[in-house]
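> Let me begin by handing over the structure; questions about it come next.
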Amino acid sequence: MEVKILKDMFEKEYGEGVVDVYFSPGRVNLIGEHIDYNGGYVFPGALTIGIYGMLRDRSDNIIRLRSKNAIGEVVIDLDREIVYDERDDWGNYPKGVIKKIMELGYKVNGFDILFYSNLPDGAGLSSSAAIEVLTAYILLHKNKAEDIDRVEIAKLCQEVENKFVGVNCGIMDQFAVSVGRENNAILLDCSNLYYEYVPFNLKDSSLVIMNTNKRRELSESKYNERRAECDKALDIIKAHKEIENLCQAEIKDLDYIEDETIKKRARHAITENMRVKEAVKVLREGDIEAFSKLLIQSHKSLKEDYEVTGLHLDAIVEEALKFKGCLGARMTGAGFGGCAIAIVKEGMEEEFINEVSNRYKDRTGIKADFYISKIGDGVKFIGRC
(Lines give C-alpha, C1' and ligand atoms only; values in the text may rest on other atoms or scores of the structure.)
Protein backbone atom coordinates (compact mmCIF):
# COMPACT_ATOMS: atom_id res chain seq x y z
CA MET A 1 0.00 0.00 0.00
CA GLU A 2 1.29 3.48 -0.86
CA VAL A 3 2.91 5.28 2.05
CA LYS A 4 1.30 8.58 0.98
CA ILE A 5 -2.20 7.10 1.40
CA LEU A 6 -1.26 5.85 4.87
CA LYS A 7 0.19 9.24 5.83
CA ASP A 8 -2.98 10.98 4.64
CA MET A 9 -5.04 8.60 6.79
CA PHE A 10 -2.97 9.48 9.84
CA GLU A 11 -3.05 13.23 9.25
CA LYS A 12 -6.85 13.21 9.00
CA GLU A 13 -6.89 11.76 12.53
CA TYR A 14 -4.00 13.58 14.21
CA GLY A 15 -2.96 16.52 12.04
CA GLU A 16 0.02 17.21 9.78
CA GLY A 17 3.60 16.24 10.53
CA VAL A 18 6.20 13.49 10.19
CA VAL A 19 4.85 9.95 10.43
CA ASP A 20 6.63 6.59 10.97
CA VAL A 21 5.03 3.67 9.10
CA TYR A 22 5.28 -0.03 10.03
CA PHE A 23 3.63 -3.20 8.71
CA SER A 24 2.75 -6.52 10.32
CA PRO A 25 1.32 -9.37 8.20
CA GLY A 26 -1.50 -11.79 8.73
CA ARG A 27 -0.59 -15.45 8.46
CA VAL A 28 -1.88 -18.57 6.79
CA ASN A 29 -1.14 -22.11 7.92
CA LEU A 30 -0.49 -24.04 4.73
CA ILE A 31 -0.82 -27.47 6.37
CA GLY A 32 -0.59 -28.91 9.88
CA GLU A 33 -3.91 -28.08 11.52
CA HIS A 34 -4.89 -28.76 15.14
CA ILE A 35 -1.64 -30.53 15.90
CA ASP A 36 0.36 -27.76 17.58
CA TYR A 37 -0.98 -28.85 20.98
CA ASN A 38 -0.26 -32.49 20.10
CA GLY A 39 3.48 -31.93 19.71
CA GLY A 40 3.48 -31.83 15.93
CA TYR A 41 4.82 -29.58 13.20
CA VAL A 42 2.99 -26.62 11.70
CA PHE A 43 3.78 -24.99 8.36
CA PRO A 44 2.65 -21.36 8.25
CA GLY A 45 3.70 -18.39 6.18
CA ALA A 46 3.31 -14.63 6.56
CA LEU A 47 0.94 -12.95 4.09
CA THR A 48 1.30 -9.77 2.04
CA ILE A 49 -1.87 -8.38 3.63
CA GLY A 50 -1.97 -7.36 7.27
CA ILE A 51 -2.00 -4.36 9.61
CA TYR A 52 -0.23 -1.03 9.14
CA GLY A 53 0.79 1.13 12.08
CA MET A 54 1.36 4.87 11.60
CA LEU A 55 2.64 6.86 14.55
CA ARG A 56 4.07 10.12 15.76
CA ASP A 57 5.78 10.82 19.08
CA ARG A 58 4.21 13.09 21.69
CA SER A 59 5.93 15.27 24.29
CA ASP A 60 3.92 13.81 27.20
CA ASN A 61 3.23 10.34 28.63
CA ILE A 62 -0.06 9.76 26.83
CA ILE A 63 -0.56 7.09 24.17
CA ARG A 64 -3.61 7.39 21.90
CA LEU A 65 -4.65 4.32 19.90
CA ARG A 66 -7.07 4.56 16.99
CA SER A 67 -8.01 2.18 14.18
CA LYS A 68 -9.51 2.91 10.76
CA ASN A 69 -11.35 -0.39 11.19
CA ALA A 70 -13.07 0.41 14.50
CA ILE A 71 -14.86 3.28 16.19
CA GLY A 72 -13.44 5.17 19.15
CA GLU A 73 -10.08 5.74 20.78
CA VAL A 74 -8.11 3.97 23.51
CA VAL A 75 -6.07 6.30 25.72
CA ILE A 76 -3.18 5.08 27.91
CA ASP A 77 -1.59 7.21 30.62
CA LEU A 78 1.92 5.83 31.11
CA ASP A 79 2.01 7.28 34.64
CA ARG A 80 -0.77 4.87 35.64
CA GLU A 81 -0.93 1.09 35.76
CA ILE A 82 -2.06 -0.49 32.48
CA VAL A 83 -4.91 -2.94 33.10
CA TYR A 84 -7.21 -5.03 30.92
CA ASP A 85 -10.52 -3.29 30.27
CA GLU A 86 -13.30 -5.03 28.36
CA ARG A 87 -14.51 -1.65 27.06
CA ASP A 88 -11.22 -1.20 25.19
CA ASP A 89 -11.96 -4.26 23.04
CA TRP A 90 -9.19 -4.60 20.35
CA GLY A 91 -7.11 -2.02 22.23
CA ASN A 92 -6.28 -4.57 24.91
CA TYR A 93 -3.87 -6.35 22.55
CA PRO A 94 -1.50 -3.38 22.08
CA LYS A 95 -2.11 -2.32 25.71
CA GLY A 96 -0.86 -5.67 26.99
CA VAL A 97 2.23 -5.47 24.79
CA ILE A 98 3.04 -1.92 25.94
CA LYS A 99 2.74 -3.05 29.56
CA LYS A 100 5.02 -6.06 28.97
CA ILE A 101 7.67 -4.03 27.10
CA MET A 102 7.80 -1.56 30.00
CA GLU A 103 8.13 -4.43 32.50
CA LEU A 104 11.16 -5.64 30.53
CA GLY A 105 12.84 -2.30 31.21
CA TYR A 106 12.48 -0.59 27.86
CA LYS A 107 11.66 3.13 27.79
CA VAL A 108 8.21 3.93 26.41
CA ASN A 109 7.20 7.52 25.68
CA GLY A 110 3.87 8.97 24.60
CA PHE A 111 2.77 8.71 20.96
CA ASP A 112 -0.29 8.76 18.71
CA ILE A 113 -0.84 5.68 16.58
CA LEU A 114 -3.33 4.80 13.87
CA PHE A 115 -3.82 1.19 12.82
CA TYR A 116 -5.22 0.20 9.43
CA SER A 117 -5.94 -3.42 8.52
CA ASN A 118 -6.67 -4.94 5.11
CA LEU A 119 -7.17 -8.37 6.67
CA PRO A 120 -10.75 -9.68 6.36
CA ASP A 121 -12.54 -9.47 9.71
CA GLY A 122 -13.12 -12.73 11.56
CA ALA A 123 -11.49 -14.81 8.83
CA GLY A 124 -8.89 -16.57 10.95
CA LEU A 125 -5.81 -14.93 9.41
CA SER A 126 -4.53 -13.80 12.80
CA SER A 127 -5.26 -10.10 13.18
CA SER A 128 -4.71 -10.31 16.95
CA ALA A 129 -1.19 -11.71 16.53
CA ALA A 130 -0.48 -9.12 13.83
CA ILE A 131 -1.37 -6.15 16.06
CA GLU A 132 0.52 -7.62 19.04
CA VAL A 133 3.71 -8.24 17.06
CA LEU A 134 3.38 -4.87 15.32
CA THR A 135 3.18 -3.03 18.66
CA ALA A 136 6.13 -4.93 20.13
CA TYR A 137 8.29 -4.36 17.06
CA ILE A 138 7.48 -0.62 16.98
CA LEU A 139 8.45 -0.16 20.63
CA LEU A 140 11.69 -2.10 20.26
CA HIS A 141 12.52 -0.31 17.01
CA LYS A 142 11.93 3.07 18.70
CA ASN A 143 14.32 1.95 21.44
CA LYS A 144 16.86 1.35 18.65
CA ALA A 145 17.20 -2.23 19.90
CA GLU A 146 20.01 -3.76 17.87
CA ASP A 147 19.24 -7.08 16.16
CA ILE A 148 15.68 -7.34 17.42
CA ASP A 149 15.12 -10.98 18.41
CA ARG A 150 12.02 -11.98 16.46
CA VAL A 151 11.59 -15.28 18.30
CA GLU A 152 11.54 -13.37 21.59
CA ILE A 153 8.90 -11.02 20.17
CA ALA A 154 6.73 -14.03 19.33
CA LYS A 155 7.14 -15.47 22.85
CA LEU A 156 6.44 -12.10 24.45
CA CYS A 157 3.26 -11.60 22.42
CA GLN A 158 1.98 -15.11 23.11
CA GLU A 159 2.45 -14.43 26.83
CA VAL A 160 0.47 -11.20 26.51
CA GLU A 161 -2.41 -12.95 24.78
CA ASN A 162 -2.39 -15.79 27.32
CA LYS A 163 -2.01 -13.75 30.50
CA PHE A 164 -3.22 -10.19 29.77
CA VAL A 165 -5.96 -10.82 27.20
CA GLY A 166 -6.82 -14.28 28.57
CA VAL A 167 -6.84 -16.31 25.35
CA ASN A 168 -5.06 -19.67 25.63
CA CYS A 169 -3.48 -19.61 22.15
CA GLY A 170 -0.38 -21.41 20.97
CA ILE A 171 2.64 -19.63 19.54
CA MET A 172 2.24 -20.38 15.83
CA ASP A 173 0.44 -17.16 14.87
CA GLN A 174 2.82 -14.76 16.61
CA PHE A 175 5.79 -16.78 15.35
CA ALA A 176 4.77 -16.65 11.69
CA VAL A 177 3.95 -12.93 11.87
CA SER A 178 7.27 -12.09 13.52
CA VAL A 179 9.70 -14.49 11.83
CA GLY A 180 8.13 -14.66 8.34
CA ARG A 181 10.33 -14.42 5.27
CA GLU A 182 9.28 -13.56 1.72
CA ASN A 183 8.65 -16.60 -0.51
CA ASN A 184 9.36 -18.98 2.37
CA ALA A 185 7.06 -21.01 4.59
CA ILE A 186 8.18 -21.89 8.12
CA LEU A 187 8.46 -25.45 9.37
CA LEU A 188 7.96 -24.99 13.11
CA ASP A 189 8.09 -27.52 15.92
CA CYS A 190 5.79 -25.89 18.48
CA SER A 191 7.13 -28.02 21.32
CA ASN A 192 10.67 -26.59 21.22
CA LEU A 193 10.47 -23.68 18.70
CA TYR A 194 12.94 -25.33 16.33
CA TYR A 195 12.23 -23.85 12.89
CA GLU A 196 13.57 -23.71 9.40
CA TYR A 197 12.60 -21.82 6.26
CA VAL A 198 11.32 -23.78 3.28
CA PRO A 199 11.17 -22.06 -0.14
CA PHE A 200 7.54 -21.70 -1.20
CA ASN A 201 7.67 -21.62 -4.98
CA LEU A 202 4.42 -22.58 -6.67
CA LYS A 203 6.00 -22.21 -10.14
CA ASP A 204 3.09 -21.66 -12.55
CA SER A 205 0.39 -21.66 -9.84
CA SER A 206 -1.00 -19.16 -7.34
CA LEU A 207 -2.09 -19.30 -3.72
CA VAL A 208 -5.71 -18.16 -3.40
CA ILE A 209 -7.23 -17.46 0.01
CA MET A 210 -10.99 -18.06 0.10
CA ASN A 211 -12.91 -16.33 2.88
CA THR A 212 -16.23 -18.07 3.48
CA ASN A 213 -17.50 -14.94 5.27
CA LYS A 214 -18.91 -17.30 7.85
CA ARG A 215 -17.38 -16.04 11.06
CA ARG A 216 -15.46 -18.71 12.91
CA GLU A 217 -17.57 -20.39 15.54
CA LEU A 218 -15.18 -22.90 17.05
CA SER A 219 -16.43 -22.40 20.58
CA GLU A 220 -14.15 -22.75 23.56
CA SER A 221 -16.10 -25.87 24.56
CA LYS A 222 -15.49 -27.57 21.19
CA TYR A 223 -11.80 -26.66 21.27
CA ASN A 224 -11.44 -27.96 24.81
CA GLU A 225 -13.36 -31.09 23.82
CA ARG A 226 -10.92 -31.85 20.99
CA ARG A 227 -7.93 -31.26 23.25
CA ALA A 228 -9.40 -33.55 25.91
CA GLU A 229 -10.05 -36.27 23.34
CA CYS A 230 -6.46 -36.07 22.14
CA ASP A 231 -5.18 -36.17 25.73
CA LYS A 232 -7.25 -39.29 26.30
CA ALA A 233 -5.80 -40.92 23.18
CA LEU A 234 -2.29 -40.06 24.38
CA ASP A 235 -2.94 -41.59 27.81
CA ILE A 236 -4.20 -44.83 26.22
CA ILE A 237 -1.17 -45.15 23.90
CA LYS A 238 1.27 -44.21 26.68
CA ALA A 239 0.05 -47.21 28.64
CA HIS A 240 1.58 -49.37 25.90
CA LYS A 241 4.67 -47.46 24.75
CA GLU A 242 6.90 -44.57 25.73
CA ILE A 243 5.95 -41.35 23.93
CA GLU A 244 5.78 -37.72 25.01
CA ASN A 245 3.05 -36.46 22.69
CA LEU A 246 0.43 -37.78 20.29
CA CYS A 247 2.36 -36.88 17.14
CA GLN A 248 5.13 -39.27 18.19
CA ALA A 249 2.68 -42.16 17.92
CA GLU A 250 2.41 -44.37 14.84
CA ILE A 251 -0.64 -45.46 12.85
CA LYS A 252 -0.39 -48.98 14.27
CA ASP A 253 -0.79 -47.51 17.78
CA LEU A 254 -4.40 -46.66 16.95
CA ASP A 255 -5.17 -50.35 17.55
CA TYR A 256 -4.80 -49.68 21.28
CA ILE A 257 -7.82 -47.34 21.18
CA GLU A 258 -11.29 -48.89 21.28
CA ASP A 259 -13.47 -45.77 21.32
CA GLU A 260 -14.07 -44.82 17.67
CA THR A 261 -14.26 -41.06 18.29
CA ILE A 262 -11.02 -40.99 20.28
CA LYS A 263 -9.39 -43.11 17.58
CA LYS A 264 -10.46 -40.67 14.84
CA ARG A 265 -9.03 -37.67 16.71
CA ALA A 266 -5.71 -39.45 17.19
CA ARG A 267 -5.63 -40.58 13.57
CA HIS A 268 -5.93 -36.98 12.41
CA ALA A 269 -3.09 -35.79 14.66
CA ILE A 270 -0.75 -38.60 13.60
CA THR A 271 -1.49 -38.45 9.86
CA GLU A 272 -1.52 -34.64 9.70
CA ASN A 273 1.94 -34.52 11.22
CA MET A 274 3.08 -37.00 8.58
CA ARG A 275 1.52 -34.81 5.87
CA VAL A 276 3.46 -31.76 7.06
CA LYS A 277 6.76 -33.62 6.78
CA GLU A 278 5.81 -34.93 3.34
CA ALA A 279 4.69 -31.43 2.25
CA VAL A 280 8.11 -30.02 3.08
CA LYS A 281 9.80 -32.86 1.16
CA VAL A 282 7.74 -32.45 -2.03
CA LEU A 283 7.98 -28.65 -1.99
CA ARG A 284 11.76 -28.91 -1.83
CA GLU A 285 11.56 -31.24 -4.82
CA GLY A 286 9.36 -28.72 -6.65
CA ASP A 287 6.42 -31.14 -6.87
CA ILE A 288 3.45 -28.76 -6.59
CA GLU A 289 0.92 -31.39 -7.61
CA ALA A 290 1.99 -33.70 -4.77
CA PHE A 291 1.83 -30.77 -2.33
CA SER A 292 -1.68 -29.93 -3.56
CA LYS A 293 -2.86 -33.52 -3.06
CA LEU A 294 -1.67 -33.34 0.55
CA LEU A 295 -3.92 -30.30 1.04
CA ILE A 296 -6.90 -32.34 -0.17
CA GLN A 297 -6.00 -35.18 2.21
CA SER A 298 -5.65 -32.71 5.08
CA HIS A 299 -9.14 -31.29 4.52
CA LYS A 300 -10.63 -34.79 4.32
CA SER A 301 -9.01 -35.67 7.65
CA LEU A 302 -10.21 -32.43 9.28
CA LYS A 303 -13.71 -33.13 8.00
CA GLU A 304 -14.03 -36.84 8.75
CA ASP A 305 -11.62 -37.53 11.62
CA TYR A 306 -11.40 -34.22 13.47
CA GLU A 307 -14.84 -32.93 12.47
CA VAL A 308 -14.06 -29.19 12.51
CA THR A 309 -14.95 -28.11 8.95
CA GLY A 310 -18.71 -27.49 8.77
CA LEU A 311 -21.04 -26.65 5.90
CA HIS A 312 -19.37 -23.46 4.65
CA LEU A 313 -15.76 -24.64 4.59
CA ASP A 314 -16.77 -27.93 3.00
CA ALA A 315 -18.84 -26.13 0.37
CA ILE A 316 -16.09 -23.74 -0.70
CA VAL A 317 -13.41 -26.47 -0.79
CA GLU A 318 -15.67 -28.85 -2.74
CA GLU A 319 -16.52 -26.16 -5.30
CA ALA A 320 -12.86 -25.16 -5.61
CA LEU A 321 -11.85 -28.76 -6.33
CA LYS A 322 -14.44 -29.00 -9.14
CA PHE A 323 -12.61 -26.26 -11.04
CA LYS A 324 -10.32 -27.68 -13.72
CA GLY A 325 -7.41 -25.39 -12.86
CA CYS A 326 -7.45 -26.05 -9.10
CA LEU A 327 -4.75 -28.49 -7.99
CA GLY A 328 -5.74 -28.68 -4.32
CA ALA A 329 -7.64 -26.95 -1.53
CA ARG A 330 -8.31 -27.21 2.19
CA MET A 331 -9.63 -25.32 5.18
CA THR A 332 -7.07 -23.39 7.20
CA GLY A 333 -7.27 -22.23 10.79
CA ALA A 334 -9.43 -23.39 13.64
CA GLY A 335 -12.44 -24.38 11.55
CA PHE A 336 -16.24 -23.92 11.62
CA GLY A 337 -15.96 -20.87 9.37
CA GLY A 338 -13.12 -18.58 8.38
CA CYS A 339 -10.87 -19.30 5.41
CA ALA A 340 -9.72 -22.03 3.07
CA ILE A 341 -6.82 -21.99 0.62
CA ALA A 342 -6.50 -23.24 -2.94
CA ILE A 343 -3.63 -23.78 -5.39
CA VAL A 344 -4.79 -22.50 -8.78
CA LYS A 345 -3.08 -22.53 -12.19
CA GLU A 346 -1.62 -19.14 -13.09
CA GLY A 347 -3.80 -17.20 -15.51
CA MET A 348 -6.96 -19.00 -14.38
CA GLU A 349 -7.40 -17.14 -11.08
CA GLU A 350 -10.15 -14.78 -12.25
CA GLU A 351 -12.19 -17.58 -13.83
CA PHE A 352 -11.68 -19.66 -10.67
CA ILE A 353 -12.87 -16.85 -8.41
CA ASN A 354 -15.99 -16.16 -10.51
CA GLU A 355 -16.96 -19.81 -10.79
CA VAL A 356 -16.36 -20.80 -7.17
CA SER A 357 -17.95 -17.58 -5.89
CA ASN A 358 -21.19 -18.23 -7.80
CA ARG A 359 -21.40 -21.90 -6.83
CA TYR A 360 -20.62 -21.18 -3.18
CA LYS A 361 -23.31 -18.50 -3.04
CA ASP A 362 -25.83 -20.86 -4.63
CA ARG A 363 -25.10 -23.42 -1.91
CA THR A 364 -24.88 -21.17 1.14
CA GLY A 365 -26.52 -17.86 0.29
CA ILE A 366 -23.29 -16.09 1.31
CA LYS A 367 -20.90 -14.16 -0.92
CA ALA A 368 -17.30 -15.29 -0.41
CA ASP A 369 -14.23 -13.08 -0.79
CA PHE A 370 -11.02 -14.13 -2.52
CA TYR A 371 -7.42 -12.93 -2.21
CA ILE A 372 -4.53 -13.88 -4.45
CA SER A 373 -1.62 -13.77 -2.03
CA LYS A 374 2.10 -14.27 -1.93
CA ILE A 375 4.08 -15.38 1.10
CA GLY A 376 5.68 -12.22 2.46
CA ASP A 377 8.02 -10.91 5.12
CA GLY A 378 7.36 -10.70 8.81
CA VAL A 379 6.82 -7.44 10.70
CA LYS A 380 8.93 -4.54 9.40
CA PHE A 381 9.60 -0.79 9.38
CA ILE A 382 8.47 0.75 6.09
CA GLY A 383 9.81 4.26 6.53
CA ARG A 384 9.38 7.84 7.73
CA CYS A 385 7.40 10.32 5.68
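> Please list, ordered by first then second residue, the pairs with beta carbon atoms under 7 Å, 6 or more apart or interchain, first in segment 71-91 and open to solvent by less than 50 Å² (accessible area, probe 1.4 Å), second of a type in the set (Ser, Thr, Tyr).
Trp90/Ser67
> Something else about it: For Leu47, all conditions in the list (1) open to solvent by less than 10 Å² (accessible area, probe 1.4 Å); (2) out of contact with any Phe, Trp or Tyr (no Cβ under 9 Å at 6 or more places or on another chain); (3) within 30 Å of Phe291 (Cα to Cα); (4) among the hydrophobic types (A, V, I, L, M, F, W, C) hold save one; what is the number of the exception?
(2)
> Quick test for you: out of Lys232, Lys263, Lys345, pick the one residue that is under 15 Å from Asn38 (Cα atoms), basic (Lys, Arg) and in contact with a Lys or Arg (Cβ under 9 Å, 6 or more places away or on another chain).
That would be Lys232, the only listed residue that is under 15 Å from Asn38 (Cα atoms), basic (Lys, Arg) and in contact with a Lys or Arg (Cβ under 9 Å, 6 or more places away or on another chain).
> Quick one: Lys100 ticks every box in (1) of a type in the set (D, E, K, R); (2) assigned to a loop (DSSP other than H, G, I, E, B); (3) in contact with an Asp or Glu (Cβ under 9 Å, 6 or more places away or on another chain) except a single one, so which number is it?
Just one mismatch for Lys100, condition (2).
> Let me ask something else. Would you mind finding the one in Ile63, Ile31, Ile35 that is more than 30 Å from Asn224 (Cβ to Cβ) and either modelled with pLDDT of 95 or more or in contact with a strand residue (DSSP E or B) (Cβ under 8 Å, 6 or more places away or on another chain) (or both)?
Just a single option satisfies the conditions, and that option is Ile63.
> Could you please let me know if Ile270 is free of Cβ contacts under 8 Å to residues at least 40 places away in the same chain, under 30 Å from Asp253 (Cβ atoms), surrounded by fewer than 19 Cβ atoms within 10 Å (Cβ to Cβ) and among the aliphatic types (A, V, I, L, M)?
Here the answer is no, as Ile270 does not meet what is asked.
> What about Ser206, is it outside any helix (DSSP H, G or I) and modelled with pLDDT of 95 or more?
Here the answer is yes, as Ser206 does meet what is asked.
> Next question, about the same structure. For Tyr116, indicate whether it is farther than 24 Å from Ala279 by Cα, of a type in the set (Ser, Thr, Tyr) and under 19 Å from the mean Cα position of the chain (by Cα).
Yes; evaluated as a whole, the condition is true for this residue.
> Counting only residues that are open to solvent by less than 60 Å² (accessible area, probe 1.4 Å) and without any contact (Cβ under 8 Å) to a residue 12 or more places away in the chain, which one in segment 143-168 is nearest to Arg58 (Cα to Cα)?
Result: Ile148.
> Next question. Within the group Ile316, Ile353, which residue is part of a helix (DSSP H, G or I), open to solvent by 10 Å² or more (accessible area, probe 1.4 Å) and either of a type outside the set (D, E, K, R) or closer than 30 Å to Leu140 by Cα (or both)?
Ile353
> What do you reckon, is Ala334 in a helix (DSSP H, G or I) and either in contact with a helix residue (DSSP H, G or I) (Cβ under 9 Å, 6 or more places away or on another chain) or touching a residue at least 60 places away in the same chain (Cβ under 8 Å) (or both)?
no
The values are calculated or read from the model by the stated rules, or taken from the named source; none is laboratory data. Remember, it's a predicted structure, so these values are computed and weren't measured experimentally. Every residue, glycine as well, gets a Cβ built from its backbone with ideal geometry; the counts of neighbours run over all protein chains shown. Just the protein is used for accessible areas: all its heavy atoms, side chains included, with ligands, DNA and RNA removed. Shrake-Rupley method; radii C 1.70, N 1.55, O 1.52, S 1.80 Å.
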